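One structure is given here, and the rest of the page talks about it.
Nothing in this text is a laboratory measurement; each read-out follows from the coordinates by a stated rule. Just so we're clear, the structure is a prediction, and the values are computed from it rather than from any experiment. We place every Cβ from the backbone using ideal geometry, glycine too, and count neighbours over all the protein chains shown.
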Amino acid sequence: MELKEKLKQARSERKISQQALADAIFVSRSAVAKWESGLGVPCNESMEALEKYFGVESGYFMTDKPDEVIVKKNIRMRKTAMICTALASVLIAVLITCVFVYNYYAPTPSDVSNKSYVYVDDDSGDNVLMNARWLYIHEDGRWQYTPFIATSVFYLGEWKIDGYYLILQTDKNAFGRQTKYVLKIVGDKLIVDEAKSDGLMERTEDGMIFVFDEELSN
């Protein structure tokens, strides 16, 4: 039987509280609580006071290794702390790696600028010549969109890259309104992720695919 068990049993038989025992041997109640929870052991003076109070022989409350419980507890706590620290370090390393990879491989303005993109049919992959949409990304931060290749109608605005997304912002109209379009950059493709149905970029819907057209770009 360990010290904490012997002490609990002795106090229970006497029917006294931890505070009463603490007052009797001139220690704090928290000290008694630590002894009974196995988180501490009495010093020699307190041990003698306990033995005298309960009228037991010298060494009654002692074990072969009086600090064994504390040592085991500390070892467990250190192992837990080490595991938590290791997991936290791995998590931080993974997050840093993800951020690095994301930023390293994310498209840059030079990847999309000075290029023409044409809408393609999702099924065939061919240019939809009858209703071709033409999008040109200027190097100076401007973009131009023409709903039909053979037309003088076009729309203008500013653009920027945010991670893997190309953000198109239209110029303000007569009412001071602007519209934003979000296209995901996937290699030489621009996939419409968010399209506003305000009539500016006519018939442009979510999921539409624009592909780089080398001939138009030249």
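Say R0 is 45 Å: what FRET efficiency, to the nearest 0.05, do Tyr105 and Phe175 get from their beta-carbon distance?
Working: r = 40 Å, r/R0 = 0.89.
Computed FRET efficiency for Tyr105 and Phe175: 0.65.
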Open item on the list: Run the paramagnetic zone check for Glu45: 7 angstrom along Cα to Cβ, then residues of the range 1-36 with backbone nitrogen under 14 Å.
Closed with: 25-28
TODO: Have a look at Gly55, Ser37, Ile16 and report the one farthest towards the positive end of the charge dipole of the range 1-64, computed about the Cα centre with Cβ charges (Lys/Arg +1, Asp/Glu -1).
DONE: Ile16
TODO: Output the peptides 52-58, 81-87 sorted from most to least packed, where packing is the average of other Cβ atoms within 10 Å over each peptide's residues.
DONE: 52-58, 81-87
Task: Förster-model FRET efficiency, 30 Å R0, Ile167 and Val94, C-beta, rounded to 0.05 - done: 0.60
TODO: Could you work out how far apart the two model spin labels at Tyr53 and Ala86 are, taking each label as a point 7 Å from the Cα in the direction of the beta carbon, and quote it in nm?
DONE: 4.2
